[in-house]
1. Can you compute 3J(HN,Hα) from phi for each residue in segment 27-42, using the Karplus curve 6.51 cos²θ - 1.76 cosθ + 1.60 with θ = phi - 60°, rounded to whole Hz and x for Gly and Pro?
2. May I ask for the net charge around ASN32, where only other residues with Cβ less than 13 Å from the Cβ of ASN32 are counted and Lys, Arg are +1 while Asp, Glu are -1?
3. If the cut-off is 24 Å between C-alpha atoms, which lysines fall inside it for LYS80, apart from same-chain ones fewer than 8 positions away?
4. Taking 0.36 nm per intervening residue step and subtracting the Cα-Cα distance, what contour gain separates ILE28 from THR54 on full extension?
5. Provide the gained length on full extension for the span LEU68 to GLN92, in nm with one decimal, where the gain is 0.36 nm per separating residue minus the Cα-Cα distance.
6. Hey, got the Cα dimensions of segment 52-98 along the principal axes, in Å, largest first?
7. Take the eigenvalues of the Cα gyration tensor for segment 23-106, scale each by 5, and report the square roots as semi-axes in whole Å, largest first.
Amino acid sequence: MRYAAITCLLFIILAGPVTASGEGDVYITKKNYPMAVTEEDLNIFYNSMQNNQTGLWVKLRQERRAWLSDAGVAVVIVEKKAPNRVKVRALQSNIESWTIEDALRKK
């Protein structure tokens with residue numbers, strides 16, 4: 001009985017950090033989808049793309065508040081918001097950004 005309890009305790013201790021540091025589901029970014037520093041900037045950037053407001057679109061890009069995604073970047077979803085908005089973090093990075101769910105595909 002004591003051996004089983006010690007084994008169980010060791011399993012919990014050793015498995016705990018692995019579970020806590022797990023990244024969850026990994027997604028891959030698609031090319032040329034809107035991304036931004038904040039959710040508000042993403043909404044502005046995305047709407048400017050849809051409504052052909054080139055001046056606003058260019059301004060956000062020049063200020064580095066929004067950009068178009070690169071293909072093939074591995075990310076995890078940090079937060080989901082409706083409608084279709086997600087905050088992602090690139091693997092091996094602390095940098096988080098907002099994008100739309102359509103910009104991601106499951107790895």
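Derivation of every value follows stated rules applied to the coordinates shown; laboratory data play no part. Predicted model, so just to flag it, every value in this text is computed and none were measured. No Cβ is skipped: glycine too gets one built from the backbone with ideal geometry, and neighbour counts run over all protein chains shown.
1. 3J(HN,Hα) across segment 27-42, in whole Hz: 10, 10, 6, 9, 7, 6, 10, x, 9, 7, 5, 10, 5, 4, 5, 4.
2. Details: positive: LYS30, LYS31, ARG61; negative: ASP70, ASP102.
Every neighbour counted, the sum reads +1.
3. LYS30, LYS31, LYS106, LYS107
4. Details: separation 26, 0.36 × 26 = 9.36 nm, distance 2.74 nm.
Additional length available on full extension: 6.6 nm.
5. Working: separation 24, 0.36 × 24 = 8.64 nm, distance 2.04 nm.
Residue separation times 0.36 nm, minus the Cα-Cα distance, leaves 6.6 nm.
6. 33, 24, 18
7. So the three semi-axes of segment 23-106 are 21, 12, 11 Å.
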